[in-house]
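Colleague: Got a structure here, written out as structure tokens. Questions coming.
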Amino acid sequence: MGEMEEAEHITTDVPSQKCPLVCDPASHGSAERDRLLTGPVFTNPVCKVYRFQTVDNKWMLVREQMEECTLSFSVPKQLLLLYMQEDMSRVQDLKELGELSPHWDNLRKEVITRYAGIISSYQETLAEMEKITGPSFKPSCCKAQKSLEFVPINLHTQRMRVTCPRKTDASYDIVTVGAPAAHFQGFKGGGLQRLLNRHESEKKSFSTAYQCIYYSPEHTAKAQEVLSSVSLLQPLITSLADQLLQAAQERSSPGLREALRNLSDKTEQFVHTLKDELVKSALLALHAARPGYVSKNQKTPRHDQSPARTPADKTTTTCNNVDDSIPHHKEFDEEEWDRVWASVAKCLNCVIAVVDKLAEEDDHNDEQQRVAEQQLADVITSHNPGDWREQLCPLVARLKECVTEVVDKAKRAVTFVLLQEAACSIPQGFLLQQRRDVVFSQALAVLACGFVMRLYAGMQDKGFLKQLHLVGLVAQFESLLSTYSEEIGMLEDMEVGISDLQRVVFKITEAKTGELGDIQPVVRGRRDHFTVEVPLPGPAFQNMPEEIKEGKLLRVFPVLFNVGINEQQTLAERFGDISLQERINQKNFEMLEFYYKSLSEKVPHECLPCFQSQTEIKELLETLGQNVVTKRRKNVEILCIASAICRRLNGIRFTSCKSAKDRTSMSVTLEQCALLRDEHQLSKDFFMRALDCMRSRLSHGDFGRWEDPEAGAAIENKPTSRHFYPIALLLVSSHLLVVWLILSLVFLLAKYQ
């Protein structure tokens, strides 16, 4: 017990050296998947093999494999490029707004200057990242390094494979990473959650000062969605219109109907996107911001008026309701926008009518063919093959013109909304955006790593693949941060970063070649929506369900549960505030419950994995819900039950603390031994010895002993702090002893403030 096999430690930077050589031959299929993974995404494997005794005095073989993930750097680099492209596009849109009154023009210049600063900063960061060579992860000592602030800390994968006489081989995966947080920017003012709430409340007063309309986060998100949608749909409609003309050129009735169906769907989606009061209101506000605008009731220029007046005065107001805050006046035709976007629908109707007519004529000709072959020959001779295209061409051209006109007006209107939102956010809003970009970059790299690992592990599981495209996967983040001192800020950052992952979808594609570069995941999109494309080699892609091969977007449901377990959490629970932790756990429990409900409605129970424990998922959820609302110190049952539910739901497991070292290592080893005990009949008499054996190989630092009995694996036994001077020297004088006590107290208060 405690002895490892001969090939106990293998570390390599060369992809051709296969870590699975230490594995049992029975797990050749899994080893082959590991070999494939080690090349494109995972690298530098470290492997250990143990033999543990079961309850019936037999032996199980346990193989651990830890690897770095190349996505630690590749995903942040891709995101930085996308951030810069989006900001440069925003700057170009602002320049194309046209002539504005002096007030708005000055605000536009200031906003453009801020964007230019962000772009320059991101360019410098990307240039520094390109210079980095060496390991594929960021060590904890670099967590506050500016050039690496977009990179997650200590991102590693941990796979435990168990070969047991009484059960088929099983694998258990965990991704370990430091908390996604803006360590370089610090946490003096708190984390993202607190900073965003504070900034949102301050924006109302800023909007009054800058004479802007206050737009709520919902309206701003809607504006970004409209801008993103029209930018995506316009080229798509143009392409589908060309396909329609091509089908007309070929006189293919089925092809014509199919092209028309696709064109109609996208055009209707386009019209529905623009049929929004926000766009119409923004056009009116933009008109009021033009030079020389004068309201009938006010002789002074519009931009000189106070926006705090009531809607009855027909001036721009600062309020929560955007519809009420926009001036409605007779000088501007409010119905013009309705006519513009309605013209798109009218043009489409004309195209549909002509296509139906052509299709009917074609059907009539087919009927004539069945009656008389000679008559059909005369019909074909009397019709020019280009007639269909000639009839459709002017209508399609008019449709394209209307779409272009609508996009031009909508982009200007929505850009003006975003200009006002940005003007109200100077300078704090831009700093918060940078912080949010940093945290999201770390979180997305972690999620992409977990998704790829889970996908390769489940490629042969038809139930898992069915669940993947019908519902999506749950990604459970386990956090061990305390709700005390700067770790509160880290947790607030992490909460927002994990929540922002809801804007991410995955798409599985077929790799062009088997080269490593072609199998690397690719990130596309904008800040409001990202798509991660995961290329698979040809044979693996062909085994995917048809829905996935057709490009269906795959959702991930991120949930976060936090339980602080160190000595700072003890102080927080006795003298501080743990409401942040309670709110996070309650909110994410509701999200997990919602996911299970959706899964139960769409996926058969047989698709889920089987475990030795007979407890139903529904019972586990009820127990988790009770623990979430129960007032109990360091209630690690929350983490244990949440991880069990995640595994039963085919989910992705992540474990985090500040740096993914001490607390994370202890949590992972405890979870692994618990799995061996519950699922593979590890002898209870040897449980602690197995735990000590696994923890003995931790060599990333001087890991202390863990003594908190409530956590099951808890606190470091840190060396005595330097401010406790030898008491023997102080006992020489009672005055010195008093001074020492006072200084020690002051030091402690300053440290934990």
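The values are calculated or read from the model by the stated rules, or taken from the named source; none is laboratory data. Keep in mind that this is a model prediction, so the values were computed, not measured. Positions of Cβ are generated from backbone atoms using ideal geometry, with glycine treated the same way; all protein chains shown enter the neighbour counts. Just the protein is used for accessible areas: all its heavy atoms, side chains included, with ligands, DNA and RNA removed. Shrake-Rupley method; radii C 1.70, N 1.55, O 1.52, S 1.80 Å.
Colleague: Ignoring ligands, DNA and RNA, what accessible area per residue does the stretch 619-686 give at 1.4 Å, in Å²?
Modeller: Details: 2390 Å² over 68 residues.
Normalised by residue count, the accessible surface of the stretch 619-686 is 35 Å².
Colleague: May I pose another question? Among the listed pairs Lys77/Lys143; Lys222/Lys409; Lys77/Lys146; Lys143/Lys634, which are separated by more than 22 Å between their Cα atoms? Mind dumping the intermediate values first?
Modeller: Values: Lys77/Lys143 17 Å; Lys222/Lys409 16 Å; Lys77/Lys146 14 Å; Lys143/Lys634 27 Å.
Table pairs above 22 Å Cα-Cα are Lys143/Lys634.
Colleague: Let me ask something additional. Roughly how big is the stretch 429-501's charge dipole about its Cα centre, with Cβ charges of +1 (Lys, Arg) and -1 (Asp, Glu), in debye to the nearest 20?
Modeller: Around 500 debye, computed over the stretch 429-501.
Colleague: From the backbone phi of the stretch 562-579, what are the Karplus-calculated ³J(HN,Hα) couplings (6.51 cos²θ - 1.76 cosθ + 1.60, θ = phi - 60°) in whole Hz, Gly and Pro given as x?
Modeller: Listing the rounded values in order: 10, 9, x, 10, 9, 5, 5, 5, 4, 5, 4, 6, 8, 10, x, 10, 10, 5 Hz.
Colleague: Just add up the charged neighbours of Phe451: K/R +1, D/E -1, any other residue whose Cβ is under 13 Å from the Cβ of Phe451. Could the numbers behind the result be given before it?
Modeller: Working: positive: Arg454, Lys507, Arg555, Arg653; negative: Asp173, Glu533.
Result for the neighbourhood of Phe451: +2.
Colleague: Restricting everything to alpha-carbon atoms, can you work out Rg to Rh for the stretch 433-546 with a Kirkwood hydrodynamic radius?
Modeller: For the stretch 433-546, the value is 1.03.
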